[in-house]
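Since the structure comes first, as structure tokens, the remarks are kept for the end.
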Amino acid sequence: MKKWIFIAFISLSGCSPRVVSYLNENAHFKTFETYRLVSAKSESKNVAPENSMIFDLIRQNIHNEMERRDYIKSNVTPDLTLRYEVVSNTRVENDNNQNFGLYPTFRINSRTIYESILLLELTDQNKKLVWQGSYDLAQEKKEKKASRAIEKAVGHIFTTFPYRAKSTLIDESLKSNNKKKESKK
């Protein structure tokens with residue numbers, strides 16, 4: 001019986017979204033109430049219109065998650081700065097069917113693989129890292145609507161940031177990606 005429980009646990013954990021995060025538990029969470037959102041790439045004038053829409057969706061979902069945690073947006077001396085970035089990479093994979101014998105070689109198949117990671121970093125006024133989270137966007141490649149994929153990705157990342165504004169207590173309700181109204185603690 002224990003063997004089957006272990007196998008079920010391993011199988012189910014393989015299906016869960018992959019979020020990599022760091023939380024500085026020594027940060028002064030009780031003093032944090034305001035934040036500002038920054039991204040070097042989205043402020044650039046050379047952003048394509050479709051990318052601009054993606055950045056707008058990311059910003060909106062981040063604001064929703066921070067608001068869910070009772071943080072207040074402020075561009076004037078905020079307690080926290082939340083930086084976001086989409087890190088992309090393209091690579092080509094070749095199926096190399098080389099023949100080292102007397103037979104002819106096979107055709108080489110190649111495919112382009114696009115990889116993207118959404119990275120969020122929260123720093124305090126002293127530029128010390130408070131929290132960092134990243135999510136492999138390939139997890140959402142089956143999602144047909146970009147808005148839903150981004151909402152899920154941002155939500156998954158924020159499950160690793162369980163603090164409400166001006167509180168040192170971990171709010172367990174923030175560890176789930178459930179958008180229902182939680183009771184404020």
What does the charge count around Glu143 come to, taking other residues whose C-beta lies under 12 Å from its C-beta (Lys +1, Arg +1, Asp -1, Glu -1)? +4
In nm, what is the difference between 0.36 nm times the number of residues separating Ser147 and Met53 and their Cα-Cα distance? 32.9 nm
For 110-116, 82-88, 18-24, ranked highest to lowest by mean beta-carbon neighbours within 10 Å, the order is 82-88, 18-24, 110-116
Short version: ³J(HN,Hα) in whole Hz for each residue of the stretch 130-137, in order, from phi by Karplus 6.51 cos²θ - 1.76 cosθ + 1.60 (θ = phi - 60°), x for Gly and Pro, what are they? 9, 7, 9, x, 9, 9, 6, 5
Taking H as built 1.01 Å from N, whose amide H comes closer than 5 Å to the amide H of Thr34, not counting residues under 5 places away? Ile72, Asp79, Leu80
For the stretch 19-25, Karplus-derived ³J(HN,Hα) couplings (6.51, -1.76, 1.60; θ = phi - 60°; whole Hz; x for glycine and proline) come out as 10, 10, 9, 9, 10, 7, 6
Violating pairs (Cα-Cα greater than 26 angstrom) within the set Lys142/Lys175; Lys128/Lys175; Lys73/Lys141: Lys73/Lys141
Measure off 7 Å from each Cα along the Cα-to-Cβ vector at Val87 and Ser21, then give the distance between these two points in nanometres to one decimal. 1.8
Lys, Arg +1 and Asp, Glu -1 on Cβ, resulting dipole of the stretch 16-175 about Cα centre, debye, nearest 20: 200
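Readers should treat all values here as calculations from the given coordinates under stated rules, not as data from a laboratory. Computed from a predicted structure; not experimentally measured. Please note: Cβ atoms are built from the backbone with ideal geometry, for glycine as well, and neighbour counts cover all protein chains shown.
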